Every structure is written in structure tokens, then in C-alpha cells.
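Engineer: One structure is given below, represented as C-alpha cells, and several questions about it will come after.
The values are calculated or read from the model by the stated rules, or taken from the named source; none is laboratory data. Keep in mind the model is a prediction, meaning the values are calculated, not measured. For neighbour counting, all protein chains shown are included, and Cβ atoms are generated from backbone atoms with ideal geometry for every residue, glycine included. Heavy atoms of the whole protein, side chains included, go into the accessibility calculation; ligands, DNA and RNA do not. Shrake-Rupley method; radii C 1.70, N 1.55, O 1.52, S 1.80 Å.
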Amino acid sequence: MPQVRKNLERLTNTVVQGTKPSMILALNQEFKGIDDIVMLTIGEPDFNTPEHVKAAAVADIQADDSHYGPSKGTALLLKNAASFLKDRYGLDYDPKTELLTTIGVTEGIFDTMKTLLNPGDEVIIPQPTFPVYGAAATVCGAKVVPVPTVDDDFLLTPARLTAVLAEHPKAKAIVLASPGNPTGVAYSETQIAALAAVLKQHDIFVVSDEIYSELTYDRPHASFAKALPEQTILFNGVSKSHAMTGYRLGIIAAPAAIISQLAVIHELITTTQPNVVMAAGAEAFGPGENDAEAMRAEYKKRRAFLILAFDQMGLHYAYPDGAFYFFVKIPDYLEQDGFKLARQIAKEAKVGLTPGVAFGQAGYMRISYATSLAQLKVAAQRLSEFLKTQKAKQSRVADAGM
């Protein structure tokens, strides 16, 4: 039997064999076993789904809406999603031909990579970033071209974009996320226009993940799709804006010719969204268009608290324009291996953090503030005491060396 199993394993896809499970989820699961730990690991809203959205889901179930729905999405869902994009960001999409619903943005990412890429194609992905983009591209047989942004305040600059396109003239797509995960950094309208001026000169798709678009704090969200409508494949959804991660509802907006091909892959993978999810999504995008306002205000308070706390601790971080993350540089007096440090902090300070290397950037830690202000205050106090202890230890070692 062991020999048979070994032979069967050799028959599976070699690319899939080399694809590792999420380090983020694995570490989160590990830390959950620690008593009294404050978890600042996963990017999931701590709010409940709005009551009227839940009521729409219940009503759909009670109406016995249990048959196959339209593969691309119900007419009402697509109409409301198109209106949402128009009202909030000034984007014009035909709900019948230029929109598609997916099982979360994660499915949308895979659908897009599978639709765009042939084996050997290149995809440009600025780093650090959420690891799903690169993993999906790799599974589809493409080559990832990472572009570091740490020296440019975690933003891709026109100069760096021009250089990487010159080195990789046949790149098929570039992934841009704004606001980004893990940094929370967002591109301004001016910055997007400067990048668009470069990208317009190339036959390349912009895969733009804007799932955090409703969670921006200091200025209105600016969409790549407005600057480059013919080249952009836009991701959005209700997971973060309406605290609906478990509903698994994403949307893709793109030119009709692209949507028609994406729809084929979507249909092969999922057939259709669950009807109850589409009913809830139609409510969220329609009557619930402004539901994110209260949550956004609370996240902004949490961000302000952590800015003050981290400044008092002497920590350096990317300034988060949106989402609910801080990307904090590891001080030189701490362990520099991100996973070792995360486990040390979890054990000694009882605070769960995610290493930046999980997002392609060593030397940093991601801290999620998608938890209550009360919990954040506990975590900040524990981290402050941990840093003081570690700094004192380093000083004693340095004094002993003298």
C-alpha cells in the first residue's frame, strides 16, 4: 500500500506539489491554542453583517429559492453591483456584459490568471503583497516577476514600472492592490494617473484588487479602472466593506470580451453562486451601499490609537491609508527571523502577529486592527512591555561585551 500511494503521488500535478499551504492561516491556527492571546493575525472584520443583509438572506431561504441560479449572477445583484461601482467610484459597467460574481475575490484571482495566462507567461507583482496572487499565477504555469517597493514607501513608482517593463516586455499582466494587504497603503488619483501613463504604452492587463475600497480614511478611494478601463480587470466585493467574509461573494468588472472568457472558467469551477449569497449581495450593494460608514469610522479610531502607541514605542511602519493593517519594521534589537519572532511574541507577550515574509518582505510584521479597541489596548500594552524587556536585555549584553 505505501508503494501504491507513493506512485499515485507522482502522478499528481508537479506545480501543485510545489505549492505550499498558506503560512498565514497555519500560524494563525497555531496561535489560537495559546491561552489569553490577543489575535492580530487575520484580516477579518470583527463586526457582524448588517441586519437588513441577513434578513435578505433569510427571506431568500424562506422563499425556497433553491434551484440553480444564473452563472454570472442574478440580474438584481449585477445591477446593484454596477450601481455601487458607479455611485462610489464613478465607474461605468454594463451589468449584463461587464460584470461577473465569484466565490470571493480568491476565486476571481484564479479565474483571471487561468483566463489570461499561458504556461511561461510573466506576471508582474509588486512586493510585499497577499500571497494568493503569485500562487495562482504559478499554478497556472506562469512566472512571477516580483518588484520590491520597500524603498518607495511600498508604492510602485512610474520609474520602477518603466524599468521592469523594459526588462520584461512580454509580461501579460501586472497585479496592483489598493489599499494593499499587508501595508494598508493606497494609491492616490495622481499616482494612478502616472502609472496609467506608462501602462497605456504596453499590451498588458492590470489586475486591480480593490476589495478594501470602502475602507479608506484620509481621501476618497481612487480606482485603476477609471484611469485604464480597457486594460483593467477589477476585483471588489462585500467581504470587508460589509463584514461578509463567510458569504464568499466577490465581483469582477472588466471589458465585455474579457468577462465572457472569465465566465467560462467561473462556470467550470463553480457552476453558479449560491442563491442565498446572491440575495444577500444584492441587498448589500443596493440598500446597503453606505453600510461601511460606521465600520470605517471605528477602524479610523483604532488606526489613530495604534499610530500613537507605535510612535511611543519607537516603531517604524508604513502609513496605512486604508484596510486595517499596519506593516511594522522589526527593530534591530529583536530577533530578525519573522517566524521565530512571531512565535516568541505569541509565547511571551501573548499577542499574535503575522511575519512580513509571508507576504514577500522580510524584516517586517503585519498587525491587523480588525479587532476591538479594548483588545488593541491590551495588545499595545503587552507589546510595549515586551519591547522594553528585549531592549533592556540587549543593553545588558552590549555592556557585558564592553
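Engineer: Treating cross-link reach as a plain straight distance, find the lysines whose alpha-carbon is under 22 Å from the alpha-carbon of Lys172, omitting any fewer than eight places away in the same chain.
Structural biologist: Lys114, Lys143, Lys200, Lys226
Engineer: Specify, per residue and in Å³, the volume enclosed by the convex hull of the alpha carbon atoms belonging to the stretch 13-82. Before the final figure, lay out each step's value.
Structural biologist: Working: hull volume 16.0 nm³, N = 70.
Expressed per residue, the convex hull around the Cα atoms of the stretch 13-82 is 228 Å³.
Engineer: Please identify the DSSP H helices in the chain that span no less than 27 Å along the helix axis (Cα) and have a mean Kyte-Doolittle hydropathy of -1.0 or more. The partial results should precede the final answer.
Structural biologist: On the way: long enough: 292-313 (31 Å, -0.28); 373-401 (42 Å, -0.38).
Those that clear 27 Å and a mean of -1.0 are 292-313, 373-401.
Engineer: Related question: Per DSSP H run of n ≥ 4, the term is -39500 (n - 2.57); total these for the chain, divide by its residue number, and report the mean residue ellipticity at 222 nm rounded to 500 deg cm²/dmol.
Structural biologist: Details: 15 runs with 183 residues, N = 402.
Rounded to the nearest 500, it is -14000 deg cm²/dmol.
Engineer: Additional query: What is the Cα centroid distance between the stretch 281-295 and the stretch 161-208, reported in whole angstrom?
Structural biologist: Here the two parts' Cα centres lie 29 Å apart.
Engineer: Each label point is 7 Å from the Cα along the Cα-to-Cβ direction; what then is the distance between the points at Tyr333 and Asp46, in nm?
Structural biologist: Result: 2.9 nm between the two label points.
Engineer: Which net charge results for the neighbourhood of Leu373, defined as the other residues with beta-carbon distances under 9 angstrom from its beta-carbon, given Lys and Arg at +1 and Asp and Glu at -1?
Structural biologist: Charge balance near Leu373 sits at +2.
Engineer: Mind ranking 106-117, 65-76, 376-387, 354-365 by how tightly packed they are, going by the mean number of other C-beta atoms within 10 angstrom, highest first? Mind dumping the intermediate values first?
Structural biologist: Working: 106-117: 23.1, 65-76: 15.8, 376-387: 18.1, 354-365: 21.5.
In decreasing order of mean packing, 106-117, 65-76, 376-387, 354-365 become 106-117, 354-365, 376-387, 65-76.
Engineer: Something else: Would you calculate the separation in nanometres between label points at Lys391 and Thr97, each defined as 7 Å from the Cα along the Cα-to-beta-carbon direction?
Structural biologist: Modelled inter-label distance: 6.2 nm.
Engineer: Carbon and sulfur: what percent of the chain's accessible surface (1.4 Å probe)? Intermediate results must be reported in sequence, preceding the final value.
Structural biologist: Values: 10210 of 18410 Å².
Accessible surface attributable to carbon and sulfur in the chain totals 55 percent.
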